[in-house]
Amino acid sequence: MTAVFDRVVVADWSSAAAPSPPRESADAIWIGVSDAGGTTARYCRTRAEAETVLRGLIAGRPEGARLLIGFDFPMGYPAGFAARLTGTAQARAVWRWLALHINDDARNANNRFAVADAVNRQLGGRGPFWGRPARAGLAFLPARKEVDYAALGLNERRQVEQLVPGAQPVWKCYTTGSVGGQALVGLPLIDRLAALPDVAVWPFDPSGSPVVLAEVYPSLLRRVVRAAGDPIRDRAQVSLLSQALFRLSRDGGLQALLETPRPPAAAEEGWILGAGHVAALEAALCA
């Protein structure tokens, strides 16, 4: 079946512990929406606000319409982590575990560092997570990377990151590019959205559902984003990537991205939609 979506959404997430500024700013949550009517970008000051927006897009889609939502944080961790943490070698088990342990209030206050510390303690040492404020006082969460992943028995990176070497490691919880922090506060959202009717999560589920959630990496379009000259890079990234994916969907090219050959580990680790297909994404923006 050709992967045709009537609307494509890209959410650039944030693990901020307080609301973003009232004025539209960088390093905050931006949601790009592309459909036949064009492209828009919305600024959200909190994760709770963003979740409300996303739930509205899911619930408000016309009957028979299909929706793709991309999130810029990993949907899974390197193989072996899920079983070590939860006893089940499935990404969903990690989502559920985090949904039960992460506290994240309406103004973004959250306990992600304490949860990362608790995971490290459960796994027997100061890893796999790292990165925290200097004064956090967490004995099992180092402020800087000092983890021996070989000794820990886990990989530092997922297999998909061989195709996107610029991606930050999923274990990094603080400072620039702390995708690990975004995942800790983002995966409970995936757990909630995946429980809604007609919602699937790629690549763990078949992609034929009315609503499909997927991991994306907006920096795949870094060259085009840089050329756009938008002073708020996050806004440009979600706008351009949602537009590229929508145009690929409209023109019949998205199926190739969804069917990209993946190693067996991807069933647990997840995959980045568009990894290895930068040229196709850039070409779609010129179509």
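Given Phe140, Phe129, which one is in contact with a Leu (Cβ under 8 Å, 6 or more places away or on another chain), touching a residue at least 12 places away in the same chain (Cβ under 8 Å), surrounded by 17 or more Cβ atoms within 10 Å (Cβ to Cβ) and of a type in the set (A, V, I, L, M, F, W, C)?
Only one candidate qualifies: Phe129.
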Q. Within region 64-90, how many residues turn out to be of a type outside the set (Val, Ile, Thr) and closer than 24 Å to Gln237 by Cβ?
A. 11
**Q.** Any chance Thr52 is in a helix (DSSP H, G or I), not aromatic (Phe, Trp, Tyr) and not assigned by TED's automatic domain parsing to the domain that holds Glu161
**A.** yes
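Taking the condition within 17 Å of the chain's Cα centre (by Cα) and not basic (Lys, Arg), does Ala167 pass?
When the stated conditions are applied, Ala167 passes them.
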**Q.** Contacts under 7 angstrom Cβ, first residue in region 63-79 being touching a residue at least 12 places away in the same chain (Cβ under 8 Å), partner part of a loop (DSSP other than H, G, I, E, B) and hydroxyl-bearing (Ser, Thr, Tyr), 6 or more apart
**A.** Asp72/Tyr217
**Q.** Test: Ser242 is in contact with a Phe, Trp or Tyr (Cβ under 6 Å, 6 or more places away or on another chain) and buried (at least 24 other Cβ atoms within 10 Å of the Cβ)
**A.** no
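The values are calculated or read from the model by the stated rules, or taken from the named source; none is laboratory data. None of the values given here were measured: they were computed from a predicted structure. No Cβ is skipped: glycine too gets one built from the backbone with ideal geometry, and neighbour counts run over all protein chains shown.
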